[in-house]
1. Condition first: in the same structural domain as N52 (by TED's automatic domain parsing) and within 28 Å of Y262 (Cβ to Cβ). Can you find one or more residues in the stretch 300-313 that meet it?
2. Criterion first (among the charged types (D, E, K, R) and within 21 Å of N190 (Cβ to Cβ)) does D131 satisfy it?
3. Check the stretch 108-118 and report whether any residue there is out of contact with any strand residue (DSSP E or B) (no Cβ under 8 Å at 6 or more places or on another chain), touching a residue at least 24 places away in the same chain (Cβ under 8 Å) and either more than 30 Å from P178 (Cβ to Cβ) or not assigned by TED's automatic domain parsing to the domain that holds V171 (or both).
4. Counting only residues that are crowded, with 16+ Cβ neighbours inside 10 Å and free of Cβ contacts under 8 Å to residues at least 60 places away in the same chain, how many does the stretch 69-82 have?
5. Please specify each residue of the stretch 292-310 satisfying the condition of being within 21 Å of the chain's Cα centre (by Cα) and either farther than 20 Å from A46 by Cβ or of a type in the set (G, A, S) (or both).
6. In the stretch 45-66, is there at least one residue being charged (D, E, K, R), free of Cβ contacts under 8 Å to residues at least 60 places away in the same chain and either surrounded by fewer than 24 Cβ atoms within 10 Å (Cβ to Cβ) or in a loop (DSSP other than H, G, I, E, B) (or both)?
7. Quick check, is Y284 in contact (Cβ under 8 Å) with a residue 24 or more places away in the chain and under 13 Å from A42 (Cβ atoms)?
8. Which of the residues belonging to the stretch 29-40 are out of contact with any Gly (no Cβ under 7 Å at 6 or more places or on another chain) and in a helix (DSSP H, G or I)?
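The values are calculated or read from the model by the stated rules, or taken from the named source; none is laboratory data. Since we're looking at a predicted model, the values are computed, not measured. A quick note on method: Cβ atoms are made from the backbone with ideal geometry, for glycine too, and the neighbour counts reach across all protein chains shown.
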Amino acid sequence: MYVKTLIIFIVLLIGGKSFSQVFSGTTAGQFLKIEVGAKAIAMGGAFVSQANDASAMYWNPGSLSKLQNSAAMFTHTYWLASINHDFAGVVLKIGDQHTLGFSYTSLTMGDMKVRTEIYPEGTGELFSSSDYSLGVSYGINLTEDFSIGFTGKYIGENIWHMSASTIAFDVGLLYYTPVKNLQLGMSVSNIGGKMKFSGEDNFVYYTYNPDEHGNSDKIYAELQMDEWDLPLIYRVGLSMKALDTEIHSLTLSADAIHPNDYNESVNIGCEYGFKERVFLRAGYKSLFKKESEEGLTAGVGFMYYLTDYIPMKVDYAYADFGRLQSVHRISVEIGF
């Protein structure tokens with residue numbers, strides 16, 4: 001009991017101190033806020049307390065050690081403006097107490113024309129932009145009811161000839177409360193360094209005084225770039241199986257989210273399962289968030305056993321983005 005209390009206190013202290021120090025309203029690495037997993041999104045993103053698939057590496061590494069088996073997951077998101085967001089992850093059970101995880105996340109888009117004031121239709125050059133994250137996760141059961149987990153990740157962003165990178169960490173907790181079927185989860189994501197772009201586009205020719213005779217217009221100069229914090233996200237949530245029989249199940253969940261670059265919000269969701277084979281999900285994202293375009297979410301899931309010991313899950317999620325239209329996600333997970 002003392003161990004649980006101490007760890008929860010430490011996480012709250014780290015989270016509170018981090019938010020008090022870095023709240024700025026502007027952050028880099030915005031792709032880190034694009035959430036992972038069709039199941040989680042279909043439930044409105046209320047997933048921190050019941051992250052029970054490989055996407056736990058994103059939502060709450062504290063739940064990794066509670067997974068039933070090793071698994072590999074791939075998620076593709078048809079993001080806004082024809083942008084692609086992909087997540088691939090593998091979790092490996094090591095006995096009953098430990099779990100390792102490896103993940104890769106990317107945000108990619110097609111080539112775009114280089115345009116200038118002189119050549120508004122394009123200079124003939126093309127440029128691209130991409131973001132990525134490589135993560136290693138570890139989860140451990142401290143007791144039958146309490147687990148903790150960590151993720152370390154390398155984060156990179158690229159645009160044309162410029163790039164930025166840093167290292168960040170996530171920490172998460174999962175607690176099976178004394179109330180039957182009630183779980184408490186919390187996580188702090190993207191605790192890390194700042195990001196600062198550098199590259200050949202930093203270098204420019206500078207004219208000190210163009211009106212002075214003999215002044216050189218070929219002075220080589222370097223632009224000074226600012227550093228930006230990562231989007232720190234603190235999540236705490238509850239989930240409960242309101243119905244749990246051999247044929248029917250119903251899970252309700254709610255998360256409170258506190259980011260360092262916007263105001264707080266709440267996600268709510270539910271999942272109905274039929275014989276643990278077919279699942280219907282719905283939720284609502286970003287309640288109380290100012291000027292949010294997000295809202296209703298929905299999705300379905302199917303479980304199929306390739307063999308007696310190899311389950312395959314296929315999930316789909318729809319998320320309404322208001323004036324920005326909608327976002328679709330597909331996830332496939334294979335257990336082993």
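1. For the stretch 300-313, residues in the same structural domain as N52 (by TED's automatic domain parsing) and within 28 Å of Y262 (Cβ to Cβ): absent.
2. So D131 fits the description; yes.
3. yes
4. Count: 0.
5. S292, G295, A298, G299, G301
6. There is no residue in the stretch 45-66 that is charged (D, E, K, R), free of Cβ contacts under 8 Å to residues at least 60 places away in the same chain and either surrounded by fewer than 24 Cβ atoms within 10 Å (Cβ to Cβ) or in a loop (DSSP other than H, G, I, E, B) (or both).
7. yes
8. Within the stretch 29-40, Q30, F31, L32, K33, A40 qualify.
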